[in-house]
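Let me begin by presenting the structure, written as structure tokens, before commenting on it.
The values are calculated or read from the model by the stated rules, or taken from the named source; none is laboratory data. Only a predicted model underlies this, so the values are computations on that prediction, with no experimental measurement involved. Using ideal geometry, Cβ is built from the backbone for each residue, glycine included, and neighbour counts are taken over all protein chains shown.
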Amino acid sequence: MDFQEPKAIVPYVADVLSITQRTRCMAAVRGKNTGPEMLLRRLLFSLGYRFRLHKTSLPGKPDIVFAGRKKVVFCHGCFWHMHDCKRGHSTPSTNSEFWQNKRSQNVRRDARTRESLEKMGWASEIVWECELGRPSHDLVLRLRAFLGPSNSGTKCPVKEQLN
């Protein structure tokens, strides 16, 4: 990718990276197929669930869609969606007002998205990034309770690893 130096320079932002380097860094932040999302997809697949990804016809383009069940699963990053964990509570010290506003907007948009899905007859579940570092048996039970039985009848791989 060829990045050009932006014309507008914001003088009050202190940064250790040049504007070009920061632009490259921020361009690398993905909205789809993130590491946590891939972990969640592998976990669900290993449990025997089959799904679709990022259905654009639904509000919020849910990460994982179970169309036959009318259920969706969102994989939220703790920082970006202000989860009640250590990573979700941290706020950058530089330009903190901007980041607080941006993250608050994400939370408000999430609530509107879930409300819209509910009005359409869809159920939604959120799995947080911090829950996927080492998936627990509790997470598996929560997902199974939300989704219902899988078609394959596979055993819980997380429980087998814990024993």
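When the residues of the stretch 69-104 are filtered to those that are among the charged types (D, E, K, R) and in a helix (DSSP H, G or I), the one that is farthest from Val127 (Cα to Cα) is Glu97. Checked against (1) farther than 23 Å from Arg41 by Cβ; (2) at pLDDT 90 or above, Asp63 passes all but condition (1). The sole residue among Glu118, Glu131 that is over 17 Å from Thr34 (Cβ atoms) and among the acidic types (Asp, Glu) is Glu118.
Screening the stretch 66-91 for residues that are modelled with pLDDT of 95 or more and of a type in the set (Lys, Arg) and picking the one that is surrounded by the fewest Cβ atoms within 10 Å (Cβ to Cβ) gives Lys70. Reported count of residues in the stretch 112-143, each being within 16 Å of Gly77 (Cα to Cα) and exposed (fewer than 14 other Cβ atoms within 10 Å of the Cβ), is 2. Applying a threshold of 6 Å to beta carbon distances and a minimum spacing of six or more residues, or different chains, the list of pairs starting in the stretch 35-49 at a residue that is farther than 9 Å from Leu132 by Cβ and ending at one that is of a type outside the set (Lys, Arg) and part of a helix (DSSP H, G or I) reads Ser46/Pro157.
Residues of the stretch 31-54 include at least one that is at pLDDT below 95, surrounded by 14 or more Cβ atoms within 10 Å (Cβ to Cβ), in a loop (DSSP other than H, G, I, E, B) and β-branched (Val, Ile, Thr).
If you check Cys130 against the conditions, is it in contact with a helix residue (DSSP H, G or I) (Cβ under 8 Å, 6 or more places away or on another chain) and assigned to a loop (DSSP other than H, G, I, E, B)? In short, no.
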